[in-house]
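The values are calculated or read from the model by the stated rules, or taken from the named source; none is laboratory data. Since this is a predicted model, take the numbers as computed values, not measurements. As a convention, Cβ positions derive from the backbone with ideal geometry for all residues, glycine included, and neighbour counts pool all protein chains shown.
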């Protein structure tokens, strides 16, 4: 590949975000995978085999990614907040989570420094994506839509590897389907034709995702942007197999992570450092030369501010219909899991999960008393209060060492690490969901962001009064915007059309001679957008 140099003060950054994907790529040693584009990306960059999500499902994980904060710290840990209550009417009404007022999508910090930020197009943050988060957020969003040579942060979300892609009615359109007899099943799944076919479909979907990755990287190369663009490829959590997705076992939280940074990262290199997906946002901000806000809980893993982790942490709470609470911590070798409801069965009622062919096989064979050995691990009862696994010798996490006295010191060390993490960052899993939502949405009503007001600053009005309907100002004129809602982000535009680009307000606006119309609105995460306000004003030359 030839790189054409593009000189920019800040690097472009491209994210390719997969769904429900464990590291089943050729570059990770998988012999069944057909992922040439992803493998080439790894050959040109660095692979991270010890990368993990903060939860085994998408929305809590993605909320941590977009905010740089753990989902249990900001109340986005239940999957989903926008649930339907057909089967469980006692649950809180569908809601948008309301993090503390200082919490932003980290993309706002990028936009404030001139980055053009696009998302194509999955959000799923446990709150409605604020309109201030992106310059574009739709299925046409692309760095190519920016004007001038501004740096960009662009996210693409190929949505072909989701758990539902393993269902029988979702046959992937590939020319050479994977042979089910060639796949390797984890030992806790029953080895049946139906289970093998499901995993084979997943491999085919990974092939489709790889083709999309190739298309995106090809567009980057066509535009001559490879040299000054840092590319990240990752998945929001592990694969959608039983005991994978929704769980804190490695099958649910270990994810692929590949970074290509021409001129900075050695090609075809591997880092064994522990990485958490909560670190992605802080890493991007650091690489962009932006000071990290002090409230962020992730940490950079690249660049001059990179910090090495000793542990990663993961959680499980209400997923769909069923409440649970599991917390886990992991170092490079050992995993510690704490079950807060040991009296509950592992397999709580989640009808969506039960549509998976492998799950149906597990239930069928369990009813027939035909499961053997490790295939029974999800049917043991009661759950152990604590689980401890040696991932080096037991990668499928079958042999629980929590009561093995030879591992007492390891158990106590990881137990303390989890307690310290919960104490430092807080754990809103301790708060009943209904109580949490009642505090956010009084009387079940979503709060609304206050509409911004205009404060003109000129020789005749030094910021003491708000603007009238038709204001006349003296050039040069400055207009300040103000919103009364704590933590709200304000945006503005001087365009009249409905497709106007809303710019993030970060400092008072300066205007020269002429008649202008300024539109503004505001939003706080979890709140309704404010009403839009507009001001038409004339700026006169004092001479």
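Being farther than 24 Å from residue 67 by Cβ and either in contact with a strand residue (DSSP E or B) (Cβ under 9 Å, 6 or more places away or on another chain) or free of Cβ contacts under 8 Å to residues at least 12 places away in the same chain (or both) is a property that residue 148 has.
Can you tell me which residue is farthest from residue 301 (Cα to Cα) among those in segment 221-232 that are in contact with a helix residue (DSSP H, G or I) (Cβ under 8 Å, 6 or more places away or on another chain) and either without any contact (Cβ under 8 Å) to a residue 40 or more places away in the chain or in a loop (DSSP other than H, G, I, E, B) (or both)?
Applying the first criterion (in contact with a helix residue (DSSP H, G or I) (Cβ under 8 Å, 6 or more places away or on another chain)) to segment 221-232 yields 223, 225-226, 229-232.
Narrowing the set further to residues that are either without any contact (Cβ under 8 Å) to a residue 40 or more places away in the chain or in a loop (DSSP other than H, G, I, E, B) (or both) leaves 223, 225-226.
Details: 223: 28, 225: 23, 226: 21 Å.
Here the residue is 223.
The single condition among (1) modelled with pLDDT of 95 or more; (2) farther than 28 Å from residue 23 by Cα; (3) surrounded by 24 or more Cβ atoms within 10 Å (Cβ to Cβ) that residue 114 does not meet is (3).
Restricting 165, 218, 214 to those that are assigned to a helix (DSSP H, G or I), surrounded by 17 or more Cβ atoms within 10 Å (Cβ to Cβ) and at pLDDT 95 or above reduces the list to 165.
In segment 371-383, which residues are assigned to a loop (DSSP other than H, G, I, E, B), closer than 30 Å to residue 169 by Cα and free of Cβ contacts under 8 Å to residues at least 40 places away in the same chain? Once the filter is applied, which keeps residues that are assigned to a loop (DSSP other than H, G, I, E, B), closer than 30 Å to residue 169 by Cα and free of Cβ contacts under 8 Å to residues at least 40 places away in the same chain, segment 371-383 yields only 372. Within segment 194-218, the set of residues being over 20 Å from residue 163 (Cβ atoms) and over 24 Å from the mean Cα position of the chain (by Cα) comprises 218 only.
Evaluate the following for residue 238: is it closer than 28 Å to residue 418 by Cα, in the same structural domain as residue 360 (by TED's automatic domain parsing) and touching a helix residue (DSSP H, G or I) at 6+ places or on another chain (Cβ under 6 Å)?
Values: closer than 28 Å to residue 418 by Cα: yes; in the same structural domain as residue 360 (by TED's automatic domain parsing): yes; touching a helix residue (DSSP H, G or I) at 6+ places or on another chain (Cβ under 6 Å): yes.
Here the answer is yes, as residue 238 does meet what is asked.
Criterion first (free of Cβ contacts under 8 Å to residues at least 60 places away in the same chain, surrounded by fewer than 20 Cβ atoms within 10 Å (Cβ to Cβ) and more than 20 Å from the chain's Cα centre (by Cα)) does residue 180 satisfy it? If you could, list the steps in order and put the result at the bottom.
Working: free of Cβ contacts under 8 Å to residues at least 60 places away in the same chain: yes; surrounded by fewer than 20 Cβ atoms within 10 Å (Cβ to Cβ): yes; more than 20 Å from the chain's Cα centre (by Cα): yes.
Criteria met by residue 180.
Mind checking which residues of segment 511-535 are over 40 Å from the mean Cα position of the chain (by Cα) and either touching a residue at least 40 places away in the same chain (Cβ under 8 Å) or in a strand (DSSP E or B) (or both)?
Step one: of segment 511-535, the residues over 40 Å from the mean Cα position of the chain (by Cα) are 512-515.
Those that are over 40 Å from the mean Cα position of the chain (by Cα) and either touching a residue at least 40 places away in the same chain (Cβ under 8 Å) or in a strand (DSSP E or B) (or both): 514, 515.
Right, residue 501: modelled with pLDDT of 90 or more, in contact with a strand residue (DSSP E or B) (Cβ under 7 Å, 6 or more places away or on another chain), part of a strand (DSSP E or B) and surrounded by fewer than 20 Cβ atoms within 10 Å (Cβ to Cβ) or not? Spell out the reasoning first.
Values: modelled with pLDDT of 90 or more: yes; in contact with a strand residue (DSSP E or B) (Cβ under 7 Å, 6 or more places away or on another chain): yes; part of a strand (DSSP E or B): no; surrounded by fewer than 20 Cβ atoms within 10 Å (Cβ to Cβ): yes.
No; evaluated as a whole, the condition is false for this residue.
For the structure I just gave you, tell me whether residue 386 is touching a residue at least 12 places away in the same chain (Cβ under 8 Å), farther than 30 Å from residue 101 by Cβ, assigned by TED's automatic domain parsing to the domain that holds residue 82 and within 25 Å of the chain's Cα centre (by Cα).
No, not satisfied.
Pairing residues of segment 432-452 that are on the phi < 0 side of the Ramachandran plot and surrounded by fewer than 16 Cβ atoms within 10 Å (Cβ to Cβ) with residues that are modelled with pLDDT of 95 or more and not in a loop (DSSP other than H, G, I, E, B), at Cβ distances under 9 Å and at least 6 apart in sequence or on separate chains, gives 446/440; 446/528; 447/440; 447/528; 448/528.
Give all pairs with beta carbons closer than 6 Å in which a residue from segment 286-297 that is closer than 11 Å to residue 115 by Cβ meets a residue that is at pLDDT 95 or above and in a helix (DSSP H, G or I); count only pairs at least 6 apart in sequence or on separate chains. Qualifying pairs under 6 Å: 290/109.
Among the residues of segment 496-510, the ones that are free of Cβ contacts under 8 Å to residues at least 24 places away in the same chain and farther than 30 Å from residue 97 by Cβ come to 2 in all.
One line per residue, one yes/no per condition, for (1) more than 30 Å from residue 168 (Cβ to Cβ); (2) surrounded by fewer than 18 Cβ atoms within 10 Å (Cβ to Cβ); (3) under 24 Å from the mean Cα position of the chain (by Cα); (4) in the same structural domain as residue 105 (by TED's automatic domain parsing):
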{"residue": "276", "(1), (2), (3), (4)": "yes, no, yes, yes"}
{"residue": "281", "(1), (2), (3), (4)": "yes, no, yes, yes"}
{"residue": "289", "(1), (2), (3), (4)": "yes, yes, yes, yes"}
{"residue": "295", "(1), (2), (3), (4)": "yes, yes, yes, yes"}
{"residue": "300", "(1), (2), (3), (4)": "yes, no, yes, yes"}
{"residue": "314", "(1), (2), (3), (4)": "yes, no, yes, yes"}
{"residue": "335", "(1), (2), (3), (4)": "yes, no, yes, yes"}
{"residue": "348", "(1), (2), (3), (4)": "no, yes, no, yes"}
{"residue": "358", "(1), (2), (3), (4)": "no, no, no, yes"}
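What about residue 130, is it part of a loop (DSSP other than H, G, I, E, B) and closer than 25 Å to residue 525 by Cα? So residue 130 passes the test.
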